[in-house]
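The structure appears right after this line, and notes come after that.
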Amino acid sequence: MTPEEKMQFIYAIRRRGVTDTKVLNAMEKVDRKDFLTGIFEEKAYEDIPLPIECGQTISQPSVVAQMTQSLEVTSRCKVLEIGTGSGYQATILSYLARRVYTVERHQDLLIRAQKVFDMLNLTNITAMRSDGCRGLPAQAPFDRILLTAAAEDPPGLLLDQLKLGGVMVLPVGQSDSVQTMIKIKKTDHGLIYHEMGEVRFVPLIEGVADNYKREL
């Protein structure tokens, strides 16, 4: 990334209201190009979503940064991410959290993401193939939970795995219409919801996917 590309990259993120210095530093450290292949590498620093394998997408950087800032991750947090995808969001989280667990339903995506984690020597990420709708009960409770796929409603199983005082961030809504990014805080007095704006994500799907490869 050239200095000019870096400046434009961070400017686009700041313009969307991201001011947390730790989040901005993490976004600056992680080269988005590492998570893309082929013709899409040259668009790595543009603030747009891009296609990856298995019919999925890598979110636009400003949305990744907004979600990360809203999650309020600290260095003591154990984070669960639903939807590894390219591994870009998990990598950003790894610079902020104590431990990141990330689950993915597509084996091909998981294998590729793990190769990037290994290349970057990220030892605090545990990635596995699993049904994201079920979360990861064996490692619960989590301080923070992030979904990178849209659910019709916040999944009850995942809310059960959120620690008291914890935060969940996810897109909610029908996959073929406008979705809303929401932040949920789990308190002694119940769940506190905060709407963060309109987004568009792939839908959250139950189960694990059959393996297949699609050339981009």
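Before we move on, is Thr148 under 17 Å from Leu71 (Cβ atoms), touching a residue at least 24 places away in the same chain (Cβ under 8 Å) and of a type in the set (S, T, N, Q)? Reasoning before the result, please.
On the way: under 17 Å from Leu71 (Cβ atoms): yes; touching a residue at least 24 places away in the same chain (Cβ under 8 Å): yes; of a type in the set (S, T, N, Q): yes.
Against the criterion (under 17 Å from Leu71 (Cβ atoms), touching a residue at least 24 places away in the same chain (Cβ under 8 Å) and of a type in the set (S, T, N, Q)), Thr148 qualifies.
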Count of residues meeting criterion [under 22 Å from Gln139 (Cβ atoms) and not in a strand (DSSP E or B)] in segment 173-204 = 1
remark   = Residue pairs qualifying under the 9 Å Cβ cut-off, at least six apart or on distinct chains, with the first in segment 7-19 being of a type in the set (Ser, Thr, Tyr) and the second being surrounded by 15 or more Cβ atoms within 10 Å (Cβ to Cβ) and part of a helix (DSSP H, G or I), are Thr19/Gln69
ask   = Any residue at all in segment 180-189 that is modelled with pLDDT of 80 or more, surrounded by fewer than 19 Cβ atoms within 10 Å (Cβ to Cβ), closer than 12 Å to Leu147 by Cβ and charged (D, E, K, R)?
value = yes
request  = Under 7 Å between Cβ atoms, at least 6 apart or on separate chains: pull out the pairs that start in segment 66-95 with a residue that is more than 25 Å from His106 (Cα to Cα) and end on any residue that is part of a helix (DSSP H, G or I) and at pLDDT 95 or above.
outcome  = Gln69/Val23; Val73/Leu93
ask   = Take the residues of segment 192-216 that are at pLDDT 85 or above and in contact with a helix residue (DSSP H, G or I) (Cβ under 7 Å, 6 or more places away or on another chain): which is surrounded by the most Cβ atoms within 10 Å (Cβ to Cβ)?
value = Val199
Complete set of residues in segment 12-32 that are part of a helix (DSSP H, G or I) and surrounded by 12 or more Cβ atoms within 10 Å (Cβ to Cβ) = Ala12, Ile13, Arg14, Lys22, Val23, Leu24, Asn25, Ala26, Met27, Glu28, Arg32
request  = Might you let me know whether segment 34-41 holds any residue that is closer than 21 Å to Ala113 by Cβ, in a helix (DSSP H, G or I) and without any contact (Cβ under 8 Å) to a residue 60 or more places away in the chain?
outcome  = yes
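The values are calculated or read from the model by the stated rules, or taken from the named source; none is laboratory data. What you see is a predicted model; the values in this text were computed from it and never measured. All Cβ positions, glycine included, derive from the backbone under ideal geometry; neighbour counts span all protein chains shown.
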